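Structure, as structure tokens:
The values are calculated or read from the model by the stated rules, or taken from the named source; none is laboratory data. For clarity, every value in this text was computed on a predicted model and none was experimentally measured. Cβ atoms come from the backbone with ideal geometry, glycine included; neighbour counts cover every protein chain shown. Only protein heavy atoms, including side chains, enter the accessible area calculation; ligands, DNA and RNA are left aside. Shrake-Rupley method; radii C 1.70, N 1.55, O 1.52, S 1.80 Å.
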Amino acid sequence: VQLQASGGGLVQPGGSLRLSCAASGSLFSTYFMGWYRQVSGKQRELVASIVGGGTTNYLDSVKGRFTISRDIRQKMVHLQMNNLKPEDTAVYYCKAKRSPTVEYWGKGTQVTVSS
């Protein structure tokens, strides 16, 4: 499985962006799919995830603002980000996890929130 993230960019505070992660190869609903972000010098953190029948989980600081969704048939995972804040600035990565020992990462996409 190869993952390609897109949709990042520069946006003003309060704005919105939609990140997309396109998968090549098999992608099943049983896979854990997650969006992570990383700021230079800090650890990568899990922002949102979706797994199984559609159970989602979010980082506390993005709850109510970000929404993760997936389209298994199109092999896509999206992260809708609304009311963006400067502290959301980071490189965002998507990950697919097939098992405890098999996971795939996409290249990151930069999100910059600044006026």
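Observations on the structure shown:
- Any hit, region 86-102, residues being more than 16 Å from Arg18 (Cα to Cα), part of a strand (DSSP E or B) and of a type in the set (Val, Ile, Thr): yes
- Among the residues making up region 56-76, those that are modelled with pLDDT of 95 or more and either outside any helix (DSSP H, G or I) or open to solvent by 70 Å² or more (accessible area, probe 1.4 Å) (or both) are Thr56, Asn57, Tyr58, Leu59, Asp60, Lys63, Gly64, Arg65, Phe66, Thr67, Ile68, Ser69.
- Some residue of region 23-31 being in contact with a helix residue (DSSP H, G or I) (Cβ under 9 Å, 6 or more places away or on another chain) and open to solvent by 20 Å² or more (accessible area, probe 1.4 Å): no
- Region 1-55: number of residues that are assigned to a loop (DSSP other than H, G, I, E, B), over 15 Å from Ser69 (Cα atoms) and among the β-branched types (Val, Ile, Thr): 2
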